[in-house]
Amino acid sequence: MTTSGRHFLQIPGPSNVPDSVLHAISMPTIDHRGPDFKELFTHCLTGMAEVFGTSNQVVIYPATGTGGWEAALVNTLSPGDEILCYETGHFSSLWKAMAEKWGLRPTMIAGDWRTGADPEKIREALAADTDHSFKAVCVVHNETSTGVTSRIPEIRAAIDEAAHPALLMVDTISSLGSVDYRHDEWKVDVTVSGSQKGLMLPPGLSFNAISDKALAAHETSTLPKSVWNWTEMLAAGRNGMTPYTPSTNILYGLKESLRLLNEEGLDAVFARHIRFGQATRAAVEAWGLEVLCTNENEHSPVLTAVIMPERHDADALRALILEKFNMSLGAGLSKLQGTVFRIGHLGDLSDLTLAGTLAGVQMGLQLAGVPIRTGGVDAALEILKGT
Ligand code: PLP
């Protein structure tokens, strides 16, 4: 194993944490009931609302994204409620499974794990639901298992066209801070996110952005809620406080990552990720390999899932690349295990880091005896240097 130089963490999250964020996190922990914390937490709440694109107060939990999923469900729904889910991949399936565990009744629109949630299929399902049994529509914005980004504004339009009152809940765990997202403008009711991807933080924070309509649903929702209870989180948050001990040090990091995102400018951050996606796909195409996402409109700017040619194992390739080049790539998840590997290109990433990443993948493919054409890295460099 190469040990000189930095490890290349090119999985699609947790992403690399910038040095200035790590330094911020290493500050001494403070009294979370004191004035300094109040200032810090208020700053984080305001900054996160801007990133979500909402004028409402957001909620920050000391939990990973999975906690944010659960918070979205238990705060708005009641036992036995029907919800409509869309199968985009591994993560949409896990969210649906969680809903079942809570005694909700999800209907899953089947997907092929290569395309995003189809707005037309959602419109049809809602139009057929004339007695408005579905209380929520749950969609994963960026399906991290497949590298496909669903078109949330079109899904919103489909719900409106069907004149259906269901809440729209969106998982932006791997897109927020990397891909354009607008909670208020797109009329999303609950947006769930996490700290360890576009926000360039370690795992450990999750978020809910909440519409007025979701707040109204919260008033009548009867699923049990304690740790996740919005009423308590929002009331404490108004005073810059939390109802229980927060992840103080990760919040220091959040303040710094918000500063970094604002310094670059969110639009520039989004454009950078789009370019990284284009460069990576150019490399994959030049190698003669296939990208998992089949819809030109839905390629993820955050990661690229690559299909291994038959009789070659993606996990063996990843192990070889880790061993030879000290780089971690994302595994294929559940039914994609062994047949797909994922290149993360999100967060604290420069053109040269991506070039190095793709060089490592190209060398790894060659060493593993995978039949590829050379020139993938050059194709990516053309895109990186062109803009
Ligand atoms: N949803 C998506 C799209 C994800 O990528 C992940 C994690 O990678 C999750 C949900 C689960 O979040 P966590 O692992 O932070 O609990």
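The values are calculated or read from the model by the stated rules, or taken from the named source; none is laboratory data. Just so we're clear, the structure is a prediction, and the values are computed from it rather than from any experiment. Positions of Cβ are generated from backbone atoms using ideal geometry, with glycine treated the same way; all protein chains shown enter the neighbour counts.
Here are a few things to note about the model shown:
- Exactly one residue out of His7, His32 is out of contact with any Phe, Trp or Tyr (no Cβ under 7 Å at 6 or more places or on another chain) and closer than 25 Å to Gly198 by Cα: that is His7.
- Going through (1) of a type in the set (Val, Ile, Thr); (2) touching an Asp or Glu at 6+ places or on another chain (Cβ under 9 Å); (3) within 11 Å of the ligand (Cβ to nearest atom); (4) farther than 25 Å from Glu290 by Cα one by one, Thr149 falls short only on (4).
- Of the helices (runs of 4 or more DSSP H) contained entirely in region 268-387, those carrying at least 3 residues that are in contact with a strand residue (DSSP E or B) (Cβ under 7 Å, 6 or more places away or on another chain) fall at 314-325, 351-367.
- Test for Tyr244: is it among the aromatic types (Phe, Trp, Tyr), closer than 27 Å to Pro14 by Cβ and out of contact with any Ser or Thr (no Cβ under 9 Å at 6 or more places or on another chain): yes
- Region 177-198, subset in contact with a strand residue (DSSP E or B) (Cβ under 9 Å, 6 or more places away or on another chain) and near the ligand (Cβ under 10 Å from one of its atoms), residue nearest to Ile83 (Cα to Cα): Val192
- Annotation: of all residues in region 192-236 being among the basic types (Lys, Arg) and part of a loop (DSSP other than H, G, I, E, B), the one that is farthest from Val137 (Cα to Cα) is Lys197.
- Whenever a residue of region 101-129 is acidic (Asp, Glu), its partners that are not in a loop (DSSP other than H, G, I, E, B), lying with C-beta atoms within less than 7 angstrom and at least six residues away or across chains, give the pairs Glu120/Ala158.
- Some residue of region 177-188 being part of a helix (DSSP H, G or I) and surrounded by fewer than 24 Cβ atoms within 10 Å (Cβ to Cβ): no
- Applying the condition of being in contact (Cβ under 8 Å) with a residue 60 or more places away in the chain and of a type in the set (Gly, Ala, Ser) to region 72-91 and asking which residue is surrounded by the most Cβ atoms within 10 Å (Cβ to Cβ) yields Ala72.
A quick yes/no check of all residues on (1) of a type in the set (S, T, N, Q); (2) away from the ligand (no atom under 14 Å from the Cβ); (3) in a helix (DSSP H, G or I):
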| position | (1), (2), (3) |
| --- | --- |
| Thr3 | yes, yes, no |
| Lys38 | no, yes, yes |
| His43 | no, yes, yes |
| Thr46 | yes, yes, yes |
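Condition check ((1) closer than 18 Å to Ile83 by Cα; (2) among the aliphatic types (A, V, I, L, M); (3) touching a helix residue (DSSP H, G or I) at 6+ places or on another chain (Cβ under 6 Å)) across all residues:
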position	(1), (2), (3)
Ile109	yes, yes, yes
Ala125	yes, yes, no
Val140	yes, yes, yes
Ser145	no, no, yes
Thr149	no, no, yes
Pro153	no, no, no
Ala158	yes, yes, yes
Pro165	yes, no, no
Thr172	no, no, no
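- Region 199-210, residues that are within 9 Å of the ligand (Cβ to nearest atom) and hydrophobic (A, V, I, L, M, F, W, C): none
- Output for region 54-81, where each listed residue is within 18 Å of the chain's Cα centre (by Cα) and either more than 16 Å from the ligand (Cβ to nearest atom) or not assigned by TED's automatic domain parsing to the domain that holds Asp129 (or both): Thr54, Val58
- Test: residue in region 221-232 that is within 16 Å of the ligand (Cβ to nearest atom), at pLDDT 95 or above, over 25 Å from Ile109 (Cα atoms) and more than 14 Å from the chain's Cα centre (by Cα): yes
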